[in-house]
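The values are calculated or read from the model by the stated rules, or taken from the named source; none is laboratory data. Keep in mind that this is a model prediction, so the values were computed, not measured. All Cβ positions, glycine included, derive from the backbone under ideal geometry; neighbour counts span all protein chains shown.
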Amino acid sequence: MSYSTRFNNEGRAIMVDVSNKLNTKREAIAKGSVYMNNETLQKIKDGDVKKGDVLSVSQVAGIMAAKRTGQLVPMCHNVNINAANIEFYLDDKNNKIDITAIISTTGKTGAGMEALTAVSVTALTIYDMCKSLDKTMKISDIRMIKKTGGKSGDYLYEG
């Protein structure tokens, strides 16, 4: 049952057959930002948010989400992740937290959607933990930065 497109004979979406692809080492880096008011950012830095350590909890949430991407995004394959890391940069000048997710795997597919999912859920967790402090928070700029490995080759964001 191998289809050359992402649709079956009835025109409905399918999960692509990757059984003939070679296993390769793959890495993906995705980024995103959460903008907030200065007081919220300061409370996060001071560890003074009532729901707990925002960065630690959201880091774990992002890693957990990366591992479950195949359950969240309908046409994604389940991917065995070799390593996952979430990094933060707290930007006082722009009142934001920049999030970077770095995911690596060895397989027939994967890493890109896992990195994007990790950033997204990390940002959502920051929002969830701080929403009582700041209703104006904005999740923004989620994008793929770098991808290596696989048939389609390497990608580097130029923006």
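Numbers below:
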item: Matching residues, the range 11-33, being over 19 Å from residue 84 (Cβ atoms) and either touching a helix residue (DSSP H, G or I) at 6+ places or on another chain (Cβ under 6 Å) or at pLDDT 95 or above (or both); result: 33
item: Only one of 63, 99, 86, 44 that is under 17 Å from residue 124 (Cα atoms), over 18 Å from the mean Cα position of the chain (by Cα) and surrounded by 15 or more Cβ atoms within 10 Å (Cβ to Cβ); result: 44
item: Contacts under 6 angstrom Cβ, first residue in the range 132-159 being of a type in the set (Asp, Glu), partner modelled with pLDDT of 90 or more and assigned to a strand (DSSP E or B), 6 or more apart; result: 141/32; 141/33; 154/148
item: Any hit, the range 107-119, residues being polar (S, T, N, Q) and over 24 Å from residue 13 (Cα atoms); result: no
item: Of residues in the range 107-121 being at pLDDT 95 or above and out of contact with any Ser or Thr (no Cβ under 7 Å at 6 or more places or on another chain), the one nearest to residue 155 (Cα to Cα); result: 112
item: In the range 102-131, residue farthest from residue 36 (Cα to Cα) [restricted to those that are surrounded by fewer than 20 Cβ atoms within 10 Å (Cβ to Cβ) and of a type in the set (D, E, K, R)]; result: 108
item: Of the criteria (1) buried (at least 17 other Cβ atoms within 10 Å of the Cβ); (2) over 19 Å from residue 33 (Cα atoms); (3) of a type in the set (Phe, Trp, Tyr), which one residue 155 fails; result: (1)
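Okay, residues lined up against (1) at positive phi; (2) of a type in the set (D, E, K, R); (3) out of contact with any helix residue (DSSP H, G or I) (no Cβ under 8 Å at 6 or more places or on another chain):
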| position | (1), (2), (3) |
| --- | --- |
| 43 | no, yes, no |
| 50 | no, yes, yes |
| 55 | no, no, no |
| 71 | no, no, yes |
| 74 | no, no, yes |
| 89 | no, no, yes |
